[in-house]
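The values are calculated or read from the model by the stated rules, or taken from the named source; none is laboratory data. Quick caveat, the model's predicted, so the values are computed rather than measured. Backbone-built Cβ (ideal geometry, glycine too); neighbour counts: all protein chains shown.
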Amino acid sequence: MKIGIIGAGAMGSLLGWHLCDRAEVWLLDPWQSHIDAINSSGLWCEHTGAPAVRHPHATTTTTDIGPCDVVMVLIKAHQTAWAAEQARSLVRLHPQAPSATTLVVTLQNGLGNRDILATALGAERTIQGVTSLGATLLGPGRVRYAGQGATIFSALPDESTARLADLFIACGLPAEMSDDLDALVWGKLIVNAGINALTALLRVPNGALATTPEARALAEQAAREAVAVAQARGVRLREPDPVAHVLAVAQATGANRSSMLQDVLRGSPSEIATINGAIVHEGRRLGVPTPVNDLLTALVQALDATAHVRVGE
Ligand code: NAD
């Protein structure tokens, strides 16, 4: 199987490292020194033992890659439209043989990424997945496998998705398919909405939200609004108490820096628009008030916009 991974950040690199064991993997990313490091010294992955090296293909340009069986999008949300453009030359369409058509998969967090890709590349071939894997980029050519967990793909189209799930499993990554991906996407969205923006604004690790009453109250309010929007949308959430689940995740990942905190510390645009911003957007559409998510969105957007004039410690 030939797989093009657009976005060789933490998650793209982690998946590329695993999948290149049994597939032809091409990593595409604009970060030149990362791509150069992979091509000269391989991609190193740190997990429990000593770091191990593998050799996926890596490039900054799609012309090196050509058509793929699967295109996986793992870029940050503000670059999804760019990824859709890049993916055009990696996608193969076989109307007479649907199984030979390229499958496009996004495992990005938040809402709206799949819609952008589906509009550009075709809804029938573009699916959403959710991953509980954790990854941290340590530097050019180096990634840390920060957390194990299942990757769940939306069930359609059956055949090519099943092949991809089988490949994940063969490469040591738990994977399954689900008919009710909405529940999974919204379950993860609620957790991200409760944790990410607050940890980015307060500059604290996840655990502080569970242990500090003032922060905990805000996380609960953000999560409660997100749950109300999900329920108004008719999503059948899996967690019996989704708000308590947010705090349980914050506690279980207590030492972690959320991805939004990492983005803000690095001065990179965050995914606020597709996380808390998406809750606000859906809330407006469905007539559900979301004042806390609205304020969190505005504050993180202001943080993103002022990164270049930030005053140091
Ligand atoms: P990332 O921040 O690691 O990488 C995003 C982009 O930033 C990449 O193009 C990368 O090359 C560039 N970049 C990263 N570090 C850089 C540096 N020091 N200098 C210059 N450029 C740099 O993004 P990610 O964590 O892989 O996230 C990709 C998508 O996957 C997002 O939608 C995210 O929500 C989702 N996701 C991530 C995780 C995770 O554990 N990382 C888990 C689930 C979902």
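Overview of values
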item	result
Matching entry among A217, A278 (being hydrophobic (A, V, I, L, M, F, W, C) and out of contact with any helix residue (DSSP H, G or I) (no Cβ under 9 Å at 6 or more places or on another chain))	A217
Filter result for A273 (away from the ligand (no atom under 16 Å from the Cβ) and at pLDDT 95 or above)	no
Residues of the stretch 128-139 classified as farther than 10 Å from W17 by Cβ and crowded, with 17+ Cβ neighbours inside 10 Å, total	8
Failed condition for A58, given (1) among the small types (G, A, S); (2) farther than 20 Å from R22 by Cα; (3) buried (at least 21 other Cβ atoms within 10 Å of the Cβ)	(2)
The lone exception for L121 - which of (1) modelled with pLDDT under 95; (2) out of contact with any Asp or Glu (no Cβ under 9 Å at 6 or more places or on another chain); (3) surrounded by fewer than 19 Cβ atoms within 10 Å (Cβ to Cβ) it fails	(3)
Leading residue by the ranking (farthest from the ligand (Cβ to nearest atom)) among those in the stretch 27-52 that are of a type in the set (A, V, I, L, M, F, W, C) and surrounded by fewer than 24 Cβ atoms within 10 Å (Cβ to Cβ)	A50
Filtered residues of the stretch 1-23 (kept if surrounded by fewer than 24 Cβ atoms within 10 Å (Cβ to Cβ) and part of a strand (DSSP E or B))	K2
Per-region count, the stretch 191-242, residues within 21 Å of V300 (Cα to Cα), basic (K, R) and free of Cβ contacts under 8 Å to residues at least 60 places away in the same chain	2
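The rows are residues; the columns are (1) touching a strand residue (DSSP E or B) at 6+ places or on another chain (Cβ under 8 Å); (2) among the polar types (S, T, N, Q); (3) more than 10 Å from the ligand (Cβ to nearest atom).
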position	(1), (2), (3)
V73	yes, no, no
K76	no, no, no
T102	yes, yes, yes
Q108	yes, yes, no
D115	no, no, yes
Q128	yes, yes, yes
G134	yes, no, no
T151	yes, yes, no
L156	yes, no, yes
